[in-house]
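This report concerns only the one structure given below.
Here, each number is a calculation from the coordinates, and none is a lab measurement. All of these numbers come straight from a predicted model, not from anything done at the bench. Every residue, glycine among them, receives a Cβ derived from its backbone with ideal geometry; neighbour counts consider all protein chains shown.
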Amino acid sequence: MATTDSSSSKPFRVIVVGAGVVGLTFAHALRLANIEHVVLEKHDKIVSLKGAALVIWPQVARIFDQFGFMHKIHETTTPLIREFRRWPDGSVHSAGSTSTQIAAMFGLPSVLTDRQTLVRHLYDNLADKSTIRTSTRVSHIEHTEDGVRVHLADGSVEEGDMVIGADGVHSVVKEQIWKYAEKHEPGTIPESDKNAIFTQFAGIFGVSDAKDSFGLSASETNVQYGIDHTQLVFTQPGVVYWAIIFKDEFSQPPKKRNATEADMQAMAKRFADIPLTETLKFADIWETRSRYGLLNIEEGVLEKWHSGRLVLCGDSAHKMTADLGLGANIAIESAVSLANILQRELKSNLNRHPSKSELAAMFAEYQKDRFVRSKAFVEISGKATRMHTYQTYFGRFFVSYIAPLMTAVQVKKLAEALAKAPKLNYAPVHHINENAEGWQLGKKSEKKKSSVGWITYALLTSTIGVTIAYVVTTGRPALF
């Protein structure tokens, strides 16, 4: 990329809005790149009680290994061993071994944890926590001649060269991007982006203390099908992570849900008698809950992720349903992709200040690198949710009788996709053997034309019939 002579004694500075999983990923990645930065969090605490279960797949484990703390996560978790798909009555539909097969292929386990614990690891293992500011709510963002000024609600101002919006689906930075583009870059933000994100499902999520009477082993996953709702039950020693995802009012753009305690109690009562296994009902694990929440499940992808000196990353740009357990993983990948580009452009001179047009070129490269992959995962996750909740007869038939016959092919294609994910180009991998079979699959598949061939395969084999059935039945575009 052509550069301008814009050096000064002041270093290039990145302002990250949001100190969740993505914002803290940037804190690690930018520190390793020696790029000056600050991360702004509107809440008074970094680690909140909110957040559902998630899986750390191998490609993100490799990134955390580069950060230097993945071994600590492995020391405090038990690898996933048992997997069950269940009928609506709680009986076993099929048993699988995707996690153990992926673990064997990559030489490291797939880890189950929750968002709160992951944020704690990301924060506690930061070498310099002074770059994280809490209770700093963004009011508005001002472009100056050669940078940005982020105005905070308390009257203070943060100055820098660019802003990354890692502030979630209801992003303040996204709103500032739209305002800036409307005034200074008219026509660059597609009108469709105002309605790109939607909700059709919501979920009650939580963590409960495990009891022997539950009949669950210490490291298993359960995905249960149902009519208009699906249940997810994952375990670690002494802990049960659970979610009931249910069809809700369609909203585009999505509305914020500020659930009260009464709302959550009513929802728990509604699903109390749902059987999760042959012997366990939802009411049983609700009784031992320690954390819980009721959330909308937004989904969708923006067509334009940047304007001026502002750029989006993670859920603010691409948001998916929870069924695949990949939302946080894909968001972390996006953060690493952007960090790689910034490091490449600044490594020779950290005091260089790229022009707005140079930054726009970097942001465009980042979006091009991430858009197809992110959108594909958003779509296939949404399709999985709709099949698990029996939204069409074909989807119900496919997930019940056809999908189990395709497991071997799906595992290989998933391994290829995970192996092709980015890592930091400027930091070593410490404890992971990249010569393992899984990583090699990724290198071999890079020779193919399509970087998301496995996703195309999965979409074609699992959803053509579902899509046709939906359109014929409703006359609406297929959202799943």
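By the count of neighbouring beta-carbon atoms within 10 Å, fewest first, Lys420, Lys72, Lys368 end up ordered Lys368, Lys72, Lys420.
Computed over the alpha carbons of segment 355-412, Rg followed by Dmax gives 18.0, 56 Å. Computed over segment 243-321, the quotient of the alpha carbon radius of gyration and 2.2 N^0.38 Å is 1.48. Globularity index of segment 1-148 is 1.36 (Cα radius of gyration / 2.2 N^0.38 Å, N = number of residues). Exposure proxy shown here: for Met264, Met70, Met320, the number of other Cβ atoms within 10 Å sets the order, fewest to most, as Met264, Met70, Met320. By the rule of a C-alpha distance below 21 Å, with chain neighbours fewer than 8 residues away ignored, the lysines paired with Lys183 are Lys174, Lys194, Lys304, Lys356.
Can you give the calculated 222 nm mean residue ellipticity of the chain, where each DSSP H run of n ≥ 4 adds -39,500 (n - 2.57) and the sum is split over every residue, rounded to the nearest 500 deg cm²/dmol?
On the way: 14 runs with 179 residues, N = 480.
Only helices count here, giving -12000 deg cm²/dmol.
Please report the antiparallel percentage of DSSP beta bridges with both residues in the chain, rounded to the nearest 5.
Counting only bridges with both partners in the chain, antiparallel ones make up about 75 percent.
The dipole here belongs to segment 1-128: it is taken about the Cα centre, uses +1 on the Cβ of Lys and Arg and -1 on the Cβ of Asp and Glu, and is about 200 debye.
Ordering Lys413, Lys443 by the number of other Cβ atoms within 10 Å of each residue's own Cβ, fewest first, gives Lys443, Lys413.
Placing a label point 7 Å from the Cα of Trp178 along the Cα-to-Cβ direction, the residues of segment 128-171 whose backbone N falls under 12 Å from that point are 170-171. Each Lys and Arg Cβ is given +1 and each Asp and Glu Cβ -1; about its Cα centre, segment 378-426 then shows a dipole of about 40 debye. Peptide packing for 129-139, 54-64 was compared via the average number of neighbouring C-beta atoms within 10 Å per residue; ordered from the highest value, the list is 54-64, 129-139. Summing charges over all other residues whose Cβ lies under 14 Å from the Cβ of Val399, with Lys and Arg as +1 and Asp and Glu as -1, gives +4.
Each Lys and Arg adds +1 at its Cβ and each Asp and Glu adds -1 at its Cβ; summed about the Cα centre, the chain shows a dipole of about 740 debye. On a per residue basis, the convex hull of the C-alpha atoms belonging to the chain measures out at 146 Å³. Mean separation of Cα pairs under 8 Å and 6 or more residues apart, divided by the residue count, gives the chain a relative contact order of 21 percent.
Ranking Ala202, Trp178, Tyr426 by Cα position along the charge dipole of the chain, where only Lys, Arg, Asp and Glu carry charges on their C-beta atoms, puts Tyr426 farthest toward the positive end. Stretched out straight at 0.36 nm per residue, the stretch from Glu303 to Trp87 would grow longer than its current Cα-Cα span by 74.0 nm.
Contact order normalised by length for segment 213-326, with contacts defined as Cα pairs under 8 Å and 6 or more residues apart; what percent is it? After rounding, I find 17 percent.
Remark: spin-label model distance Asp212-Thr76 equals 2.8 nm, labels positioned 7 Å along the Cα→Cβ axis. A cut-off under 15 angstrom between Cβ atoms defines the neighbours of Glu379, and their net charge, with Lys, Arg +1 and Asp, Glu -1, is +2. Partner lysines whose Cα lies under 27 Å from the Cα of Lys72, excluding those fewer than 8 positions away in the same chain, are identified as Lys45, Lys50, Lys129, Lys211, Lys420, Lys423.
If you stretched the chain out fully between His430 and Ser357, how much longer would it get, using 0.36 nm times the residue separation minus the C-alpha to C-alpha distance?
Numbers: separation 73, 0.36 × 73 = 26.28 nm, distance 3.66 nm.
Gain on stretching His430 to Ser357: 22.6 nm.
Taking Lys and Arg as +1 and Asp and Glu as -1, the other residues whose beta-carbon sits under 12 Å from that of Ala95 total +1.
With each label modelled as a point 7 angstrom along the Cα→C-beta vector, the Leu350-Lys255 pair spans 4.9 nm.
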